[in-house]
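To keep things clear, I will list the structure first and then write my remarks on it.
The values are calculated or read from the model by the stated rules, or taken from the named source; none is laboratory data. These numbers come from a predicted model, not from an experiment. Here the Cβ is made from the backbone with ideal geometry for all residues, glycine too, and neighbour counts use every protein chain on show. Side chains included, ligands, DNA and RNA excluded: accessible areas come from the protein's heavy atoms. Shrake-Rupley method; radii C 1.70, N 1.55, O 1.52, S 1.80 Å.
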Amino acid sequence: MIDHDLVRQLRTQVADRLNEQRRRDQLAGVTPMSADDEREYARSLIVQVLEDHARYEIAEGRTPIAPEDEVEVATAIHSALFGVGRLQPLLEDPEVENVDINGCDHVFVQYGDGREERHPPVAESDEELVELIQVLAAHTGLSSRPFDSANPQLDLRLPDGSRLSAVMNVCARPSVSIRKARLGRVFLDELIANGTVSPDVGSFLKAAVAARKNIMIAGATNAGKTTMLRALANEIPAQERIITVERALELGLGEHADLHPNVVSFEERLPNSEGLGGVSMAELVRRSLRMNPSRVIVGEVLGDEIVTMLNAMSQGNDGSLSTIHANSSLEVFNRIGTYAIQSRERLPLEATTMLISGALDFVVFLRKHNDHATGGGQARVVESIREVVGHDQQVLSSEVFAPDAAGRAQPHAPIACIADLQEHGYEPLVHGRWA
């Protein structure tokens, strides 16, 4: 078993030596090491610190760390410096889906099959947990993000693509939630294979992306919205220029150059302690329209960026994608209206519904079914797809795919833009009520 007190002590020594080397390089006018170079240099420093520690233990008449344990200690030190400390094994476990931390010693892990288990502490104290998050916030993402009493909320995309959300000083103990990125490179064919969508729905979605339809993906928390967004984005032809806008980088489309060689990823920037330097989601969406995009993808709509996004969709940026929290496909329109009325533009409801009608083509709604209690595990499925067909004092829509008895989307009504989809290979199933 790893001695975490020793890991923390040796980590401090390695960090001190690394900082000293940084200072020497700066004084000598040497170009700073890259992040990858620092990680490799730190490995050599860890070896030195472990050798020094072994000599000290022998001089004191104690037994040094066993050779077979040194590798594990060295890995833990490196994880504490550049990774996520004791959370690293959980992030590396392919079966882990979510990690919820309510204080350093109240850790709950959810697995892909629906199980939830208590996990040992991830830090010796809440203060150490906060320090770990602060280190991650300083070195992850496009810019350093504060996490302290003046900035008690934090959203991050971890190096492995997982999403971290943390809060402090608004709850009794620091709270952290990590949602694992289990399917970073995912395709609609995989979602068909695992039952998220039927072959017919999969064919429909492929054609909708190819036909440059504007699609909003909706669902509750942890319903699979981001996975679906990635899968739809991976249907976009490689020659198209994509601009993504996110609160914390998560989609990672630019990491797959074979699929998307021309990607610009925008990340919201929070203001500094003087309230300066912030760049909002709405501003980034506006900026994206000046960057010659073929398609704009907004990772998650949570506020006033919705008006800018809908304006972009209705002004020639066809084929845009986004996600939104909602409890049904129909509720999406009310949720958008709520965000729009709180925006800087203060759009009234009728103006918002007109904007929705002119911008959105389809809403894809996902739901998570958890049948672990009956031995069925859990599944995320497309439950409903709604087509926006017009406006008459409100958004007019048709549920073209509706849930069957098992809660899975099945053909339900004629598709108004069926000719556009058929041009891109979609052939609807024969359905008696459509005749």
Using DSSP to define loop residues, name the GluC sites (Glu not before Pro) in the range 25-96 whose beta-carbon has at most 14 other beta-carbon atoms within 10 Å. 60, 95
Quick check: pseudo-label points 7 Å beyond the Cα along Cα→Cβ at residue 405 and residue 92, how many nm apart are they? 4.8
Considering only DSSP beta bridges where both residues belong to the chain, give the percentage that are antiparallel (nearest 5). 65
On the formula 1/(1 + (r/R0)^6), with r taken between the Cβ atoms of residue 222 and residue 138 and R0 of 25 Å, the FRET efficiency rounded to 0.05 is 0.35
Relative contact order for the chain: what is it in percent, counting Cα pairs under 8 Å that are at least 6 residues apart? 11
Between the DSSP loop rule and a limit of at most 16 other Cβ atoms within 10 Å, which GluC sites (Glu not before Pro) in the range 239-270 are left? 240
Could you work out the relative contact order of the range 19-97, using alpha carbon pairs under 8 angstrom and six or more residues apart, expressed as a whole percent? 20
Hey, what's the chain come to in accessible area per residue, 1.4 Å probe, Å²? 48
Charge tally in the Cβ shell below 13 Å around residue 117, where Lys, Arg are +1 and Asp, Glu are -1, residue 117 excluded: -4
Carbon/sulfur fraction of accessible area - the range 94-221, other protein chains in place, 1.4 Å, %: 50
Roughly speaking, what is the stretch gain from residue 315 to residue 37, that is 0.36 nm per residue apart minus the C-alpha to C-alpha distance, in nm to one decimal? 95.6 nm
Here the Cα Rg-to-2.2 N^0.38 Å ratio for the range 320-427 is 1.23
The distance between the Cα centres of the range 1-53 and the range 280-357, in whole Å, is 46
May I ask you to compute the full-extension gain from residue 292 to residue 23, defined as 0.36 nm times their residue separation minus their alpha-carbon distance, rounded to one decimal in nm? 92.7 nm
How big is the convex hull of the Cα atoms of the chain, per residue, in Å³? 181
For the pair residue 351 and residue 149, the simple spin-label estimate (label points 7 Å beyond Cα toward Cβ) gives in nm 4.3
One finds, for residue 189 and residue 330 with R0 = 35 angstrom and r their Cβ-Cβ distance, a FRET efficiency to the nearest 0.05 of 0.75
Computed over the range 164-235: relative contact order in percent, which uses C-alpha pairs under 8 Å that are six or more apart: 33
Residue ranges of DSSP H helices in the chain that stretch 18 Å or more (Cα, own long axis) and have mean Kyte-Doolittle hydropathy of at least 0.0 are 67-82, 126-139
Just to confirm the filter: which trypsin sites (Lys or Arg not before Pro) across the range 66-161 are DSSP coil and have at most 11 other Cβ within 10 angstrom of their Cβ? none
Under a cut-off of 21 Å between alpha-carbon atoms, report the lysines in cross-link reach of residue 206, not counting same-chain residues fewer than 8 places apart. 225
